[in-house]
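Q: I have a structure I would like to understand better, so I am pasting it below and will then ask my questions one at a time.
The values are calculated or read from the model by the stated rules, or taken from the named source; none is laboratory data. If you're wondering where the values come from, they're calculated on a predicted model, not measured in any experiment. Heads up, the Cβs are rebuilt from the backbone with ideal geometry, glycines too, and the neighbour counts pull from every protein chain shown.
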Amino acid sequence: MLTKGHTREALERFKGIVINQSRAMLTKKGKNVSKKLFNSIDGKVTANPNSFSLDFFMEDYAYYQDLGVKGAKSTYPLTLRYGTLAKFGSGKGKKGGLRDGILKWVQAKRFQFTDKRGRFMSYKSTAFLISRSIFNKGLKPSLFFTQPFQNAFKTLPDELIEAYGLDVEELLEFTLKR
């Protein structure tokens, strides 16, 4: 019987590499404030009788962090290159949802702008200014998941063919011994 053990191991290694590198890029790019997204990145390898599947799971907003978001007035050129479907100002999102998230981020980072006289602005005012800028200009793609996935995928086909070959070889040995 074909156990598919080597193929499964190759996919598990691939999954581990993508998850570890994605988490490292989140931290490196400073997008790991609450660790919510970092901790949510996971994957599952499933072996069926005729196929394999590999699924990755993470928070919903990971898509926006990874591929960026087009702004209502201007956009980053990279959002076009990586084909994000998200756009601020479409009227589909939750009203005030961006500002609430930015407020939590500003408070966690203890980040405040100063006014013309040098006094610190409130967290709420700082969050308003940042969220307005993001809404108008967009969100730059971080590619924290896309890059590790693409890099690991380049090496996957050879490793997968070799692993599947080992599984078939074991099947033939098992069959010939009977």
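Q: Could you go through segment 56-73 and let me know if any residue there is more than 26 Å from GLY138 (Cβ to Cβ) and touching a residue at least 40 places away in the same chain (Cβ under 8 Å).
A: no
Q: Hey, can you tell me all the residues within segment 132-147 that are more than 12 Å from ARG23 (Cα to Cα) and of a type in the set (A, V, I, L, M)?
A: ILE134, LEU139
Q: Determine which member of the set ALA163, ALA152 is assigned to a helix (DSSP H, G or I), buried (at least 18 other Cβ atoms within 10 Å of the Cβ) and either at pLDDT 75 or above or not small (Gly, Ala, Ser) (or both).
A: Working: ALA163 fails: either at pLDDT 75 or above or not small (Gly, Ala, Ser) (or both).
That would be ALA152, the only listed residue that is assigned to a helix (DSSP H, G or I), buried (at least 18 other Cβ atoms within 10 Å of the Cβ) and either at pLDDT 75 or above or not small (Gly, Ala, Ser) (or both).
Q: Within segment 127-149, count every residue that is more than 10 Å from the chain's Cα centre (by Cα), in contact (Cβ under 8 Å) with a residue 24 or more places away in the chain and in a helix (DSSP H, G or I).
A: 8
Q: Just wondering, is there one or more residues in segment 95-107 that are over 16 Å from PHE135 (Cα atoms), at pLDDT 85 or above and among the basic types (Lys, Arg)?
A: Yes, there is a match, as at least one residue in segment 95-107 is over 16 Å from PHE135 (Cα atoms), at pLDDT 85 or above and among the basic types (Lys, Arg).
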